[in-house]
1. Using a 10 Å cut-off on Cβ atoms, rank the peptides 106-118, 47-59 from the highest mean neighbour count down.
2. For region 44-116, what are Rg and Dmax over the alpha carbons, in angstrom?
3. Over region 58-100, how many percent of alpha carbon pairs lie in each 5 Å bin up to the one with the longest distance?
4. What does the charge dipole of region 46-119 about its Cα centre add up to, to the nearest 20 debye, if the Cβ of each Lys and Arg holds +1 and the Cβ of each Asp and Glu holds -1?
5. Starting from the Cα of A72, step 7 Å along the direction of its Cβ; do the same at R53; then give the gap between the two resulting points in nm.
Amino acid sequence: MRKTSTGGLVYSTDAGRMCPACRQPLAGCACNAAAAPLPGDGKVRVSRETAGRGGKAVTVVRGLPLQGEALAALGKRLRAACGAGGTVKDGVLEVQGEHRDRVVAFLQQEGFEAKKAGG
């Protein structure tokens, strides 16, 4: 007689719903993070924005198929290549200044399908 276990803890009053595969809360589930699709449609768009920044230009990179530390590491290399500061906010990479041509060339060298967006 084989014993199969399809049950287990599905809800905890401390953590809420639990993942049946790894038995962790859904918010911290490792299975969910591995299976989650990466953001974007595969096309990296590089644009220039000035709105809400006191007239200062910022190069914005959207659609990178990276998350977390990989995105931060790419951002650091990109800012070093441009010789400028910047940040990563909500999966969007920002580089201070107008560096669209340099950013597109860098991303294409890294193997991403990058193109200019906007005017």
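Each reported figure results from applying straightforward, stated rules to the coordinates on display, with no laboratory input. What you see is a predicted model, and the numbers here were worked out from it, not measured in a lab. Every residue, glycine as well, gets a Cβ built from its backbone with ideal geometry; the counts of neighbours run over all protein chains shown.
1. So the order, starting with the most tightly packed, is 106-118, 47-59.
2. For region 44-116, the Cα radius of gyration and maximum Cα-Cα distance read 11.1, 34 Å.
3. 6, 27, 38, 22, 7
4. Taking the Cα centre of region 46-119 as origin, the dipole is about 180 debye.
5. Once both label points are built, they end up 2.2 nm from each other.
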